[in-house]
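The values are calculated or read from the model by the stated rules, or taken from the named source; none is laboratory data. Keep in mind it's a predicted model, so treat the numbers as computed, not measured. Here the Cβ is made from the backbone with ideal geometry for all residues, glycine too, and neighbour counts use every protein chain on show.
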């Protein structure tokens, strides 16, 4: 029975991923900066615990992995769903907001993965990781300089760590969601004009429910994808195909 950590498990793609992994039989550690939302996810799953984590803190990430090993004895997989988003023209964007987005989305992905990798290497059995990038890992978006920079960084981080950790049997892949109906995108989707623009760029003409992203993550954390590492997998309703 695999042990999987999901950061950002309190809502959105993270919560959907925790559900999919748990219902296939994994023991799931629901990690989130908001412990109460992590608990809400974990309480609905057959074998799961909630852990508070600030992914921008190395100490917090190490503690998350230590709690996982302490409870379940191992770490087999980690999915780094924790992320934040803020928009604004580049010349008006504050340094504080830019730093925070990079700290959570990019540095937080690295710190979470590093902590898990150290446990996997120590155990000697390898493992699998899925990092949440975006279509904005490869495509710019007006007013989203910090977010796009962070997600572009996640793509190259994942590809490079796949090379670093392949000798240890650790696979690292990156998922690139398009428009997903999550709390983070709720404000944009609720605005008729912004929603229309987003759907114009999505050939399938609709946002994805989080479960459609989570199902791909489930595949990438399973033995069915055992020869995949360093891959970038868009799940975007055709957006990049039309770009």
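Numbers below:
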{"item": "The stretch 55-79, subset buried (at least 18 other Cβ atoms within 10 Å of the Cβ) and assigned to a loop (DSSP other than H, G, I, E, B), residue nearest to the chain's Cα centre (by Cα)", "result": "55"}
{"item": "Test: residue in the stretch 154-169 that is modelled with pLDDT of 95 or more, closer than 19 Å to residue 18 by Cβ and touching a helix residue (DSSP H, G or I) at 6+ places or on another chain (Cβ under 8 Å)", "result": "no"}
{"item": "Residue satisfying condition, being part of a helix (DSSP H, G or I) and farther than 21 Å from residue 122 by Cβ, within set 18, 9, 82", "result": "18"}
{"item": "So residue 103, is it part of a helix (DSSP H, G or I), out of contact with any helix residue (DSSP H, G or I) (no Cβ under 8 Å at 6 or more places or on another chain), at pLDDT 95 or above and crowded, with 17+ Cβ neighbours inside 10 Å", "result": "yes"}
{"item": "Flag if residue 184 is surrounded by fewer than 18 Cβ atoms within 10 Å (Cβ to Cβ), in a helix (DSSP H, G or I) and free of Cβ contacts under 8 Å to residues at least 24 places away in the same chain", "result": "no"}
{"item": "Test: residue in the stretch 136-150 that is closer than 25 Å to residue 226 by Cα, within 12 Å of the chain's Cα centre (by Cα) and modelled with pLDDT of 95 or more", "result": "no"}
